[in-house]
Every structure is written in structure tokens, then in C-alpha cells.
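Below is one structure, written out as C-alpha cells; comments come after it.
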Amino acid sequence: MDKQTLIKQLLPSQPWDCTEDAVTAFACSNIALVKYWGKRQKELNLPVTSSLSISLQDRGSQTSLRCQLGSDDLYVVNGYTLDVSSAFARRVKAFLDLFRPSHEHGFYLETDNSVPLAAGLASSASGYAALVLALNELFQWQLDKKSLSIIARMGSGSASRSLWHGFVEWHRGNDEYGLDSYAAPLSHVWPELRLGLLLLNTGVKAIPSRQAMSITQVTSPFYSSWPTLVEKDLTTLKQALDEKDFNLMASTAEANALAMHACMHAARPPINYWLPETLATMQQVWQLRDQGMHVYFTQDAGPNLKLLFLHSDEPILRQYFPEMQVVVPFAKV
Ligand code: 2P0
């Protein structure tokens with residue numbers, strides 16, 4: 001089955017009403033504590049493993065979308081109009097083409113991200129999730145979140161997890177068409193949990209994550225052990241959430257991130273998202289732990305780190321990391 005056929009199965013049959021009035025939608029970013037790294041099927045974006053994330057509360061993508069009959073698409077991201085020939089715009093267009101009622105229908109898309117684009121802070125996750133929520137509004141599909149998660153997954157895998165706040169698990173699924181590969185929220189609530197965003201370098205990443213994922217999967221001699229490791233880390237992480245055991249939760253997340261990067265480092269050619277400041281900060285975190293502090297990190301497809309700690313340690317950590325932006329995943333909204 002290709003994307004178009006799958007979409008037809010999920011969506012109400014055409015014609016869809018599409019007004020020229022703009023709709024708006026917000027989706028939060030998410031940071032994986034047990035990572036998604038590798039696809040078992042590229043066309044439908046099906047993952048090799050399940051993954052588990054925490055949301056970034058009010059940081060994410062605010063998207064406005066409308067149809068414009070008889071005009072070409074226009075995409076405005078953080079106030080800048082995208083060059084239609086850029087890889088970014090072509091990928092958005094290919095996704096929107098799946099839902100375009102006819103060639104006459106252009107889309108005007110405007111999105112504002114409150115996380116840096118393409119710097120390993122999950123801008124594509126919240127971007128595609130917000131776009132799918134906006135499409136659901138625009139065409140009044142009234143789909144449930146499970147279907148929206150499947151559709152968001154086809155835009156970008158991690159977007160499947162960006163439709164909920166809190167802890168979210170994206171289930172790998174077994175169906176060859178991916179109808180059981182969607183995310184769902186976990187019931188655990190952890191008000192004391194904090195994430196510290198350390199923006200060490202906000203330049204565009206060295207290599208897009210999609211490409212890096214594929215090279216790792218095909219060439220890294222360590223990739224064959226990744227699925228077993230993820231399964232084990234998911235079990236441990238869920239146990240840590242059940243027991244509200246911070247050290248177990250955060251140490252598992254840190255080890256999982258390091259294992260993902262070790263797989264990448266061993267790929268041929270090597271994939272490296274670490275900058276000198278990334279390693280220096282990791283070493284600082286390890287030193288603080290040696291001194292008895294309960295602080296850990298995770299890292300995605302970029303040089304920036306996200307610290308994991310509890311509210312009680314925030315004042316002291318702010319002294320060591322004055323630039324840190326603190327996120328409260330379970331803040332009351
Ligand atoms: C994650 N990352 O679980 C992992 C960890 C980055 C490192 O998902 O090809 O943009 O669009 O499905 O979701 C980034 O990859 O990849 C990602 P595609 P995506 O958050």
C-alpha cells in the first residue's frame with residue numbers, strides 16, 4: 001500500500017469542504033527519552049522500534065492554514081517565505097499533495113516555531129503535528145487522534161508523538177500498512193520533572209536526521225543490537241515511571257541517547273552531531289553527578305543538550321548553566 005491509498009482509508013471520502021478562511025492549530029514539541037532511530041518501511045514511515053517521549057509543554061509550532069483557489073502554495077516559516085525549491089519546501093509540498101483536493105487548490109501555510117528549526121529540538125515533530133491538526137480543521141474531517149497520529153507519522157515519524165502533552169509512546173505496530181503504528185499518551189504525571197534546554201549551537205544541523213537515520217541503519221555495525229536495546233530501555237523507563245524513580249528514568253534516557261549516537265559514530269561514513277561544546281557540557285554533567293547531583297542529559301539529531309532534573313535541583317543547576325531554558329512538562333495550563 002502506498003501513502004495515498006492509506007490516506008484514503010483513513011479519511012472521509014471526497015469531496016471535502018475547504019474554505020478560504022484560515023484555521024489555526026498548535027502542537028507541542030517532544031523530546032524522546034527512548035529514541036526512534038531507523039525505519040522498517042520508508043514509504044509509510046514505519047519505525048523499527050517503539051519510542052517514548054516527553055512533551056515540551058508550550059514550546060512547539062503554531063500553524064495557520066488556508067486554501068487559496070487558483071494560486072500556488074506559499075509557506076511562511078517564522079516570518080520568512082520559503083524558497084519553493086528548497087528541500088524543506090519540497091517535503092512540505094509532497095505531504096500537502098496527499099490532501100490537495102485538486103490542482104486548483106493552493107495552500108497558504110504560516111507557521112511559527114518556538115524552538116530553533118532543524119537544531120535537534122524537534123521542530124519537524126511539532127511542525128507536522130500542527131499541520132495535520134490544521135488540515136483536520138480546514139477540511140472538517142473530525143478524525144480521532146489515533147488517525148491523526150498515523151497521518152502525522154507519515155509527515156515525520158516523531159510528529160506522531162506531538163499530539164499530546166506529557167509522556168507519549170509511539171507504538172511500532174506490526175501491521176504492514178502501519179495502521180497500528182501510532183502514538184498514545186501515558187497516564188503518568190510528574191509535576192516536579194524539569195527539562196533544561198541548553199542551546200549550545202542553533203545552526204542548521206550537519207546532516208538531516210532522515211538521511212542520518214538511513215545511513216546508520218544500513219552501515220553501522222552496531223545497528224543490529226539497537227532494537228533489542230530499545231526494547232529493554234522502554235521496559236526500564238516505564239518501570240521507572242511507575243515507581244517515580246527519577247534516577248532510573250533519567251539514567252536510562254541518557255544511556256539510550258548515548259547508544260544511539262554510538263551507533264551513528266560507527267556508521268560509514270560516520271555521522272556526528274557532537275560539537276566540542278556538546279562534549280564539554282556532557283563532561284560537566286558527569287562531574288556534577290560525581291559530586292552527588294541528580295542531573296542527566298539527552299541529545300537528539302543536533303549538538304544541543306536537554307538536561308533532565310527535578311524541581312528541587314533547579315536553583316543550583318541554574319548557577320552552573322545560567323543560559324539554560326527550563327521547561328515544566330506538567331505545568332498547569
Ligand atoms: C526521536 N529523532 O525519537 C529521534 C531521536 C532524532 C533523534 O525522530 O524521517 O524528523 O521524518 O521520520 O522524526 C528525528 O527524526 O524523522 C527523530 P523522519 P524525524 O525523536
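Coordinate-derived values only; no laboratory data. Please read these numbers as outputs of a predicted model, since none were measured by experiment. Cβ coordinates were reconstructed from backbone atoms using ideal geometry, including for glycine residues, and neighbour counts include every protein chain displayed.
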Cα-centre dipole for the stretch 3-185 with unit charges at Cβ (Lys and Arg positive, Asp and Glu negative), debye to 20: 760 debye
Cα centroid of the stretch 146-187 to Cα centroid of the stretch 262-333, whole Å: 26 Å
Share of pairwise Cα separations in the stretch 93-250, more than 20 Å, in percent: 63 percent
Computed FRET value (nearest 0.05) for Asp175 with Asp290, which takes r as the C-beta separation and R₀ as 41 Å: 0.30
Added length on full extension, which subtracts the Cα-Cα distance from 0.36 nm per residue, Ile316 to Asp97: 73.9 nm
Residue among Leu305, Met293, Val327 farthest towards the positive dipole end of the stretch 275-332, charges placed on Cβ: Val327
Ordering of 68-78, 129-139, 249-259, 10-20 by burial proxy (mean other Cβ atoms within 10 Å per residue, highest first): 129-139, 249-259, 68-78, 10-20
GNM result for the chain, Cα springs below 10 Å: residue of Phe246, Phe88, Phe297 fluctuating most strongly: Phe88
R0 of 30 Å, Cβ-Cβ distance Gln41-Asp83: FRET efficiency to nearest 0.05: 0.50
Cα radius of gyration and Dmax for the stretch 3-185 (Å): 15.3, 45
Rg and Dmax [Cα atoms of the chain; Å; Rg one decimal, Dmax integer]: 19.7, 64
Relative contact order (%) - the chain, alpha-carbon pairs under 8 angstrom, separation at least six: 21 percent
Rounded to the nearest 20 debye, dipole of the chain from Cβ charges on Lys, Arg, Asp, Glu: 620 debye
Cα-based Rg of the stretch 241-287 normalised by 2.2 N^0.38 Å, two decimals: 1.40
Charge dipole magnitude, Cβ of K and R +1, D and E -1 - the stretch 193-327, Cα centre, debye nearest 20: 360 debye
Gaussian network model of the chain, springs between alpha carbon atoms under 10 Å - residue of Ile54, Ile31, Ile215 with greatest fluctuation: Ile215
Residues Ala206 and Asp58, FRET efficiency given R0 of 22 Å [Cβ-Cβ distance, rounded to 0.05]: 0.15
Surrounding net charge for Glu169, when Lys and Arg each add one and Asp and Glu each subtract one, Cβ distance under 11 Å: +3
For the stretch 193-327, alpha-carbon Rg and Dmax in angstrom: 15.4, 44
Mean residue ellipticity (222 nm) of the chain, computed from DSSP H runs ≥ 4 via -39,500 (n - 2.57), nearest 500: -11000 deg cm²/dmol
Exposed trypsin sites (Lys or Arg not before Pro) absent - longest run of the chain, DSSP non-H/G/I/E/B, at most 14 other C-beta within 10 Å: 43-243
